[in-house]
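Single-structure report; data block below.
Derivation of every value follows stated rules applied to the coordinates shown; laboratory data play no part. Source: prediction; values computed, not measured. Cβ atoms come from the backbone with ideal geometry, glycine included; neighbour counts cover every protein chain shown.
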Amino acid sequence: MHPRKPRLPFANAWFFPAAALYAALLLPVSVLTILGLIPALPGLATPAGHAQEMLFGFALAVIAGYLLGPQPLRVTLALLACWLLARFGSLFWPGSWLALGATLLFASGLAWKVLPRFIGAAKKWRNQSVAPVVGGLALLSAVTASGLDQGLVRLLQHEALLLLAALLFFMGGRIIAPALAGHAQNEGRRLDARVQPHLEGAVLILLAFALLLAPMPWILLQRLAGATLIAASVLTAIRLLRWQPWHCRTRMDLLVLLLGYAWLALGLLLLGLSAIIPTLPATATLHALSVGALGSLTFGVMARTRLVQRFRDPAARRWIHPLALLISLAALARIAPALLGWQHTGWLLLAAGCWTLAYLALALLLWQCRDAHPDKGRHLPVER
């Protein structure tokens with residue numbers, strides 16, 4: 001009888017700490033650069049450079065950690081090395097062959113390892129939609145690293161933000177729904193509205209339409225894209241309310257994820273309104289998604305995943321969950337002054353400080369979870 005082969009280590013054990021530390025450093029350096037308080041890194045000298053690192057540096061590292069699952073250590077370390085090299089090139093020599101080559105290697109490796117799981121194995125079209133979303137993000141990360149015109153880069157980054165919104169909506173729902181159902185069962189209740197497949201499919205279709213219409217040069221189509229985003233926002237809010245979040249008052253780990261989902265609904269609403277009302281400040285519309293939704297959901301997912309793998313209990317370190325509120329405070333510090341026309345310097349520093357404290361705390365938690373044994377972990381499932 002052959003002994004059982006040991007399970008492969010999870011890629012998130014490496015990618016999550018790297019993403020958390022990068023997030024903790026990226027925002028304050030970027031803000032201090034914008035305010036002229038420190039010498040500018042070439043890759044962060046423009047708003048497009050800041051967005052590039054948030055979308056394709058930080059966010060793509062979290063996606064890699066979550067979706068790669070168990071991998072041979074050499075594969076995980078090779079992909080992580082490509083990601084680190086891409087960040088180094090993008091920060092110091094944006095548009096260089098180093099930045100482009102490393103980004104291409106990382107994007108190709110991520111697509112090679114992740115896409116077949118959703119193209120071949122997933123039976124439902126909603127699950128298969130993960131493949132084009134991740135593939136699109138990987139492709140856009142390479143294209144925008146090639147030194148294109150800034151106007152075109154901003155357009156592609158807007159498309160990437162919509163792809164991220166779709167992934168946050170889908171994967172966030174697939175994490176939150178079973179977690180809430182388990183909590184309801186423990187309380188002797190039954191949660192009937194779980195995945196809500198019809199609603200999920202409708203939002204994915206709406207986001208796909210917005211993705212196609214938003215780059216069009218005609219005002220009418222851009223406004224139609226805005227209307228589809230508003231509709232997606234309303235359905236996202238309905239999905240959230242049908243989960244009955246008021247039953248989770250004692251579960252801060254679940255409230256963090258639900259708060260991130262609420263930011264997603266608000267971010268889609270503001271992004272849709274900005275296509276219809278051009279005077280709406282871009283700072284307000286973009287940061288609701290990029291800071292509020294992306295920050296809160298990735299924070300909650302990284303903490304929950306590692307706590308479950310290490311301790312089999314998402315609430316094993318309760319001190320981490322209230323710190324997620326700092327991310328919402330950072331988002332409000334970017335949104336409210338923009339909407340109200342206030343002087344933004346102090347608010348920028350507040351946002352950067354809150355974000356950095358939250359992600360430094362997350363990095364500490366991930367360090368505490370570093371001893372997770374592969375056999376004790378389990379990959380969070382996707383409905384098939």
- [ ] Assign one of three labels to segment 230-384, namely rounded, prolate or oblate, based on the Cα gyration tensor with a ≥ b ≥ c the square roots of its eigenvalues; rounded applies when a/c is under 1.5, prolate when it is not and a/b is larger than b/c, and oblate otherwise.
- [x] oblate
- [ ] Could you give me the percent of Cα pairs per 10 Å distance bin for segment 152-271, shortest bin first, beginning at zero and ending with the bin that holds the maximum distance?
- [x] 13, 44, 27, 12, 4, 0
Open item on the list: Give me the Å³ per residue figure for the convex hull around the C-alpha atoms of the chain.
Closed with: 141 Å³
Open item on the list: Checking understanding here: applying a Kyte-Doolittle mean of at least -0.5 and a length along the axis of at least 27 Å (C-alpha), which whole DSSP H helices in the chain pass?
Closed with: 12-34, 73-92, 97-119, 150-186, 219-242, 252-276, 345-368
Task: Dipole of the chain, positive end: most advanced residue of Ala165, Tyr66, Ala181 [Cβ charges, Cα centre] - done: Ala181
Task: For segment 129-167 versus segment 280-333, the gap between their alpha-carbon centres in whole angstrom - done: 22 Å
Open item on the list: Tell me the relative contact order for the chain as a rounded percent, counting alpha carbon contacts under 8 Å between residues six or more apart.
Closed with: 18 percent
Task: Relative packing of peptides 234-242, 19-27 - highest average C-beta neighbours within 10 Å first - done: 19-27, 234-242
TODO: Would you mind telling me which residue in Ile205, Ile38, Ile276 has the biggest mean-square fluctuation in a Gaussian network model of the chain, where springs connect alpha carbons within a distance under 10 angstrom?
DONE: Ile38
Task: Assigned charges on the beta-carbon of Lys, Arg, Asp, Glu; the chain dipole about Cα centre (debye) - done: 1360 debye
- [ ] Provide Rg and Dmax in Å for segment 267-326, with only Cα atoms included in the calculation.
- [x] 15.9, 49
TODO: With unit charges on the beta carbon (Lys/Arg positive, Asp/Glu negative), name the residue among Ala237, Gly341, Gly272 whose Cα is farthest towards the positive pole of the charge dipole of segment 237-377.
DONE: Ala237
Task: Full-stretch length increase - Met216, Thr279 - with 0.36 nm per residue and alpha-carbon distance subtracted - done: 20.8 nm
TODO: Among Cys354, Thr33, Gly226, flag the residue with its Cα farthest along the positive direction of the charge dipole of the chain, charges on Cβ as +1 for Lys/Arg and -1 for Asp/Glu.
DONE: Cys354
Open item on the list: Let's see if you can work this out: charge +1 on each Lys and Arg Cβ, -1 on each Asp and Glu Cβ, no other charges. What is the dipole magnitude of segment 98-251 about its Cα centre, in debye to the nearest 20?
Closed with: 620 debye
Open item on the list: Translational diffusion coefficient of segment 69-130 at 20 °C, 1.002 mPa s, Stokes-Einstein with Kirkwood Rh over Cα pairs, in µm²/s as a whole number.
Closed with: 167 µm²/s
- [ ] Please quote Rg/Rh for segment 1-84 to two decimal places, taking the Kirkwood radius as Rh and restricting both calculations to Cα atoms.
- [x] 1.17
Open item on the list: Looking at segment 48-179, I'd like the Rg to Rh ratio, where Rg is from alpha-carbon atoms and Rh is Kirkwood's inverse mean 1/r.
Closed with: 0.97
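Looking at segment 95-156, what % of the alpha carbon pairs are farther apart than 19 Å?
Roughly 40 percent, rounded to a whole number.
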